[in-house]
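The values are calculated or read from the model by the stated rules, or taken from the named source; none is laboratory data. In this text, all values refer to a predicted model and were calculated from it rather than measured experimentally. For neighbour counting, all protein chains shown are included, and Cβ atoms are generated from backbone atoms with ideal geometry for every residue, glycine included.
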Amino acid sequence: MLKNRIWDRRPRLYYGWVIVAVVALGNFSRSAETFPVLGVFLKPMTEEFGWSRSTFSGAMTIGTLLGGFVAVGVGPLIDRFGPRWTVAVGLFVVGGTLVLLAGITSLWQFYALEIVGRMVTMGIVGLAVQVIIPKWFIAKRGRAVAISGLGGRLGNTITPLYVQALVSMGSWRVATSVAGLVIWVTSVLPSVLFLRRRPEDMGLAPDGIEKPTNVGSNGEPESTHLGQSERGEISLSLREVARLYSFYLLITAFAVSSFVATGLNLHMIPYFTDQGLGPGVAALVVAVWSASGAVGSLFFGFMAERYNIRLVMSVSFLFQASGFALLLIVNSTFLGLIWGGYQGIVHGGMFTLQLVIFADYYGRHSLGSIRGAIQPIQLGANAMGPLAAALAYDATGSYFSIFAVFVLLSVFSGLCIFLAKPPKYHPLRSL
């Protein structure tokens, strides 16, 4: 007997795209506590208080390290309860630390506020926004992650510009308080109202695309997801993933990548001003770097859906290495803008690919636990990068040597990704 066919009635707009929009807003606002923006504050704050660059970077180092350990406990909670209150409360706290930063008068106050701000940004909010989108998409995961990342690219474009303008016209204290208020206004309420854990909780399928449901002789629906069949979703627990060599190769690659990326991000503006570019021009280069990252994010997001993500990532690390080599000779506005456009595309694409590959390799359901478990390592490297660059500068009076090391480390990360094949019997294994 032929089975009856039932078609689900779903709204035209898949709710996952609402999630994408809210995450984009969160990424935009939390850019105020990321290194390109903190780099704007580095010179005016160290000059006012007489701190070294290593002293300034130390607060971010401690906060980022603590964030990694906090993430271990936060990841499973996101898997179980969802990201709504985690993100909303986290963003409220981050905004508050920036507002209070405007009133500091001593080093211990700076350390107390910046440690809390970085810890929450990287260990709580940062982890949550990494795992939300992959839980809502499978076939369209690459583009969804890329679009949500546009908020961060826009934030890293606009925020350094208006922060630098406020510093130039008034003071860094005005700039920090405004940046904190922007977080409160743009992101806290949308996170409370619209964030949800996963599509199944709302009776939806990933990607918003579902085949007609067949009803068998027992009256129970039998459904399959188009996205699942096309992308070949699997679901591995953290314990299962911990047995795979690919997991450790990915951890190594991303830890080294975090060390390199953050080592550059905090020191970009100081580096360019040391090279003879004015503060406004340096901020413009960072804006071009971030804006072009939007192009890279979208481009590599679609590439991840169409081609072998492992090979795409391997090549992107080689592009990153060449970008660091180009950085060593930047000494004019023209070269700075060229570098910003090129490296921004590469950096934006790599950020997207890192968020996609774990979900593609190991599945959606334990993604928070998996990403949370590796956060201490990745954020440890994240914390060490800026400090290493600061120590290298304080010791030699130049960033040349540490940036040359970053070239070699980028090549090493690309090799690790190339060797990190998907789990055995994974549908992507043959690609």
From the set of residues in the range 386-403 that are buried (at least 20 other Cβ atoms within 10 Å of the Cβ) and either touching a strand residue (DSSP E or B) at 6+ places or on another chain (Cβ under 9 Å) or not aliphatic (A, V, I, L, M) (or both), which is modelled with the lowest pLDDT?
Pro386
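Each row is one residue, and each column tells you yes or no for (1) over 25 Å from Leu298 (Cα atoms); (2) buried (at least 24 other Cβ atoms within 10 Å of the Cβ); (3) out of contact with any Lys or Arg (no Cβ under 8 Å at 6 or more places or on another chain); (4) free of Cβ contacts under 8 Å to residues at least 24 places away in the same chain.
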position: Asp360; (1), (2), (3), (4): no, yes, no, no
position: Gly363; (1), (2), (3), (4): no, no, yes, no
position: Ser366; (1), (2), (3), (4): yes, no, yes, no
position: Met384; (1), (2), (3), (4): yes, no, yes, no
position: Val405; (1), (2), (3), (4): yes, no, yes, yes
Here are the criteria: (1) in a helix (DSSP H, G or I); (2) without any contact (Cβ under 8 Å) to a residue 40 or more places away in the chain. Tell me which single one Thr105 does not satisfy.
(1)
Please identify the pairs in which a residue from the range 16-32 that is modelled with pLDDT of 90 or more has its Cβ atom under 7 Å from the Cβ atom of a residue that is among the basic types (Lys, Arg) and not in a helix (DSSP H, G or I), counting only partners at least 6 apart or on another chain.
Ile19/Arg196
Tell me, which helices (runs of 4 or more DSSP H) wholly within the range 5-102 include 1 or more residues that are of a type in the set (Asp, Glu) and crowded, with 17+ Cβ neighbours inside 10 Å?
53-81
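Which residue, of Thr176, Thr186, is modelled with pLDDT of 90 or more, polar (S, T, N, Q), surrounded by fewer than 24 Cβ atoms within 10 Å (Cβ to Cβ) and farther than 23 Å from Ile357 by Cα? Walk me through how you get there before you give the answer.
Numbers: Thr176 fails: surrounded by fewer than 24 Cβ atoms within 10 Å (Cβ to Cβ).
Criteria check complete, one pass: Thr186.
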Residues (more than 25 Å from Ile138 (Cβ to Cβ), crowded, with 21+ Cβ neighbours inside 10 Å and either within 16 Å of the chain's Cα centre (by Cα) or among the basic types (Lys, Arg) (or both)) located in the range 274-312:
Trp289, Ser290, Ser292
Return the residues of the range 189-202 that are assigned to a helix (DSSP H, G or I) and crowded, with 18+ Cβ neighbours inside 10 Å; say none if nothing qualifies.
Pro190, Ser191, Pro199
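To keep it simple, each residue is scored yes or no on (1) more than 18 Å from Phe299 (Cβ to Cβ); (2) in contact with a Phe, Trp or Tyr (Cβ under 9 Å, 6 or more places away or on another chain); (3) of a type in the set (Ser, Thr, Tyr).
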position: Ser106; (1), (2), (3): yes, yes, yes
position: Gln109; (1), (2), (3): yes, no, no
position: Gly117; (1), (2), (3): yes, no, no
position: Met122; (1), (2), (3): yes, no, no
position: Ile133; (1), (2), (3): no, no, no
position: Gly142; (1), (2), (3): no, yes, no
position: Val145; (1), (2), (3): no, yes, no
position: Leu154; (1), (2), (3): no, yes, no
position: Thr157; (1), (2), (3): no, yes, yes
Only one of Ile357, Ile329 that is aliphatic (A, V, I, L, M), modelled with pLDDT of 85 or more and part of a helix (DSSP H, G or I):
Ile357
Which pairs have Cβ atoms under 6 Å, sit 6 or more apart or on different chains, and link a residue in the range 253-267 that is surrounded by fewer than 24 Cβ atoms within 10 Å (Cβ to Cβ) and polar (S, T, N, Q) to one that is modelled with pLDDT under 90 and part of a loop (DSSP other than H, G, I, E, B)?
none
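State all residues of the range 15-64 that are over 17 Å from Ile269 (Cα atoms) and of a type in the set (S, T, N, Q); if no residue qualifies, say none. Full working, then the answer.
Residues of the range 15-64 over 17 Å from Ile269 (Cα atoms): 15-30, 48-51, 55, 58-59, 61-64.
Scanning the range 15-64 gives Asn27, Ser29, Thr55, Thr61, Thr64.
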Looking across the range 131-178 at residues that are in contact (Cβ under 8 Å) with a residue 40 or more places away in the chain and not in a helix (DSSP H, G or I), the single one that is nearest to Arg30 (Cα to Cα) is Ser171
